[in-house]
Amino acid sequence: MPAFSYVVTSSKPTSVSNAVVGSFTAPGARDLIVAKTSRLELFSIEADGLSPLFEVQVYGRISSMETFRPAGQERDLLCLLTEKMQLSL
């Protein structure tokens with residue numbers, strides 16, 4: 001038996017663990033970021049619903065995320081924390 005095992009999921013995560021709204025893509029835009037275990041999905045909020053813009057796999061399980069806007073800026077930033085306490089801005 002090999003010393004290492006390779007584990008891969010056959011499908012994307014479906015349950016939402018966190019969600020935040022902010023202006024990430026452009027000043028004044030309304031965007032939604034959804035965290036699903038180890039994946040981030042970015043949507044644009046429009047009058048007729050949500051439009052998917054981007055998705056990315058995160059190395060780790062997302063435990064918390066929050067938006068913040070630095071003074072003098074017109075767009076928001078995302079603060080992301082994983083279960084192993086890795087911080088990303």
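The values are calculated or read from the model by the stated rules, or taken from the named source; none is laboratory data. All figures in this text were calculated on a predicted structure; none of them were measured in a lab. Quick reminder, even Gly has a Cβ in these numbers, built from the backbone with ideal geometry, and neighbours come from all protein chains shown.
A quick yes/no check of all residues on (1) under 16 Å from S17 (Cβ atoms); (2) touching a strand residue (DSSP E or B) at 6+ places or on another chain (Cβ under 7 Å); (3) assigned to a strand (DSSP E or B):
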| position | (1), (2), (3) |
| --- | --- |
| L32 | yes, yes, yes |
| E41 | yes, yes, yes |
| I45 | no, yes, yes |
| P52 | no, yes, yes |
| M65 | yes, yes, yes |
| A71 | no, no, no |
| R75 | no, no, no |
| L78 | yes, yes, yes |
- Query: Across segment 18-65, what is the number of residues that are among the charged types (D, E, K, R), loosely packed, with under 13 Cβ neighbours inside 10 Å and closer than 18 Å to K84 by Cβ?
  - Reply: 0
- Note on the structure: Exception for F43 within (1) touching a Leu at 6+ places or on another chain (Cβ under 9 Å); (2) at pLDDT below 90 falls at (2)
- Query: If a residue has to be among the aliphatic types (A, V, I, L, M) and closer than 19 Å to A29 by Cα to count, how many in segment 66-88 make the cut?
  - Reply: 3
- Query: Exactly one of (1) outside any strand (DSSP E or B); (2) within 23 Å of T14 (Cβ to Cβ) is unmet by G28. Its number?
  - Reply: (2)
